[in-house]
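Asks: Questions regarding the structure given below will be posed in turn.
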Amino acid sequence: MGAIAYCRPSDNIAATATITLPSGTADSAYPSANLVDLDPAKPAKLTTTTGRWVFNFGSAKELLAAVLAHTNIDAGLEVRLQGNATDAWGAPSLNQTFTMPAAAQHDFRASAFVNLSAVSPRTYQYWSVVVVGTNAAAIAIGEIVLSSALRQFTKNIGMGVAETEEQPVSELRTAGGSSLIYRYGTRKRRLSGELLRDDSAADWADMLALVRDARGRGKSFVFMPDLAVNDAWVVRFAGASVDAVVTRPFSTHRRWTWTVEEVVSGLVL
């Protein structure tokens, strides 16, 4: 387990922008508004294999991270996050590449992200996601997250982390013992961990702020189990973490057990 990172729901400012599509053709059944509805299972689609979305915030906004959640974009295809003071993209001031991952054995792709914490400047009125290369199929993206913060705890979570992946099915077993199985074609991951602290009041305050900002299970947010791995999860809290349960086995020791579960992204795009 590497260093985890996360963005609070309120850090995601993508929905506050005006979104336009200066290149590429939108699929009218899957409009650009679907990019910022917090539901990766309801994608925005194009009828073209290249395209550009532009986010106009009305004034300059700083970004620390951007995520492309649940896409059908080919592995290694050139996709860029760009930032500029004007809506002109010949030579944008910021021009960062998403590393698009290959599909895994179950055909789902990891959600690529760009970490801008080491990039300066990173404050622009106009931000754009552009698919430069030609995709094998018409482009589909479940969600674009544009975050004004990328947060980490002062100390990482304690060991004993449990990570699971579920691919649900319906099974009908006959009297003869044969199984008839219907696979729903979806995937959901869960990660359970603990904050084990006796000296970091900031971590406890930050976790409580995250739970409150997410309204418990009410809002989804971005969670990176390992900031060094190009796989950002869109999650909700689950289990006891909704109740913000902290136990104190000793007077100087606190334990906060929590679970996040991936927001189901629907079928493979």
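Asks: Per residue of the range 57-68, what does 6.51 cos²θ - 1.76 cosθ + 1.60 with θ = phi - 60° give for ³J(HN,Hα)? Whole Hz please, x for Gly and Pro, Karplus curve as stated.
Replies: Rounded to whole hertz, the list is 8, x, 8, 5, 10, 7, 10, 10, 7, 9, 10, 10.
Asks: With Kirkwood's inverse mean 1/r over C-alpha pairs for Rh, give me the Rg to Rh ratio of the chain, two decimals please.
Replies: Values: Rg = 19.9 Å, Rh = 19.8 Å.
In the chain, Rg relative to Rh is 1.01.
Asks: Using a probe of 1.4 angstrom, how much of the accessible area of the chain is carbon and sulfur, in percent?
Replies: On the way: 6090 of 12140 Å².
Taking all protein chains in place, the chain shows 50 percent carbon and sulfur surface.
Asks: Given Cβ point charges of +1 (Lys, Arg) and -1 (Asp, Glu) and nothing else, what value in debye, to the nearest 20, does the dipole of the chain about its Cα centre take?
Replies: My answer is approximately 360 debye.
Asks: Let me ask you something else. Between Lys61 and residues 5 or more places away or on another chain, which pairs have amide H atoms under 5 Å apart, with H built 1.01 Å from N, and which residues are they?
Replies: So Lys61 has HN proximity to Tyr124, Gln125.
Asks: Hey, how many Å between the Cα centroid of the range 54-119 and the Cα centroid of the range 140-195?
Replies: The range 54-119 and the range 140-195 have Cα centres spaced 24 Å from each other.
Asks: Could you please report the charge total around Ala103, scoring K, R as +1 and D, E as -1 over all other residues with beta-carbon less than 12 angstrom from its beta-carbon? Display every interim value, and only then the final one.
Replies: Numbers: positive: Arg109, Arg187; negative: Asp74, Asp107.
Taking every other residue near Ala103 into account, the sum is 0.
Asks: Continuing with this model, one more query. How high is the relative contact order of the chain, given as a whole-number percent (alpha carbon pairs under 8 Å, six or more residues apart)?
Replies: Working: 668 pairs, mean separation 66.4, N = 269.
25 percent.
Asks: Next question. Add +1 for every Lys or Arg and -1 for every Asp or Glu among the other residues with Cβ under 15 Å from the Cβ of Pro121, and state the total. Mind showing how you got there, number by number?
Replies: Values: positive: Lys61, Arg122; negative: Glu62.
That sum, taken over residues with Cβ under 15 Å, equals +1.
Asks: Hey, another quick one. Tally Lys/Arg at +1 and Asp/Glu at -1 over every other residue whose Cβ is under 13 Å from the Cβ of Leu191; what's the total?
Replies: On the way: positive: Lys188, Arg189, Arg190, Arg236; negative: Glu163, Glu165, Glu166, Glu194, Asp226, Asp231, Glu261, Glu262.
Summing Lys and Arg as +1 and Asp and Glu as -1 gives -4.
The values are calculated or read from the model by the stated rules, or taken from the named source; none is laboratory data. Bear in mind the structure is a predicted one, so any value in this text is a computation, not a measurement. Neighbour counts run over all protein chains shown; Cβ positions are idealised from the backbone, glycine included. Note: areas computed on protein heavy atoms with side chains; ligands, DNA, RNA excluded. Shrake-Rupley method; radii C 1.70, N 1.55, O 1.52, S 1.80 Å.
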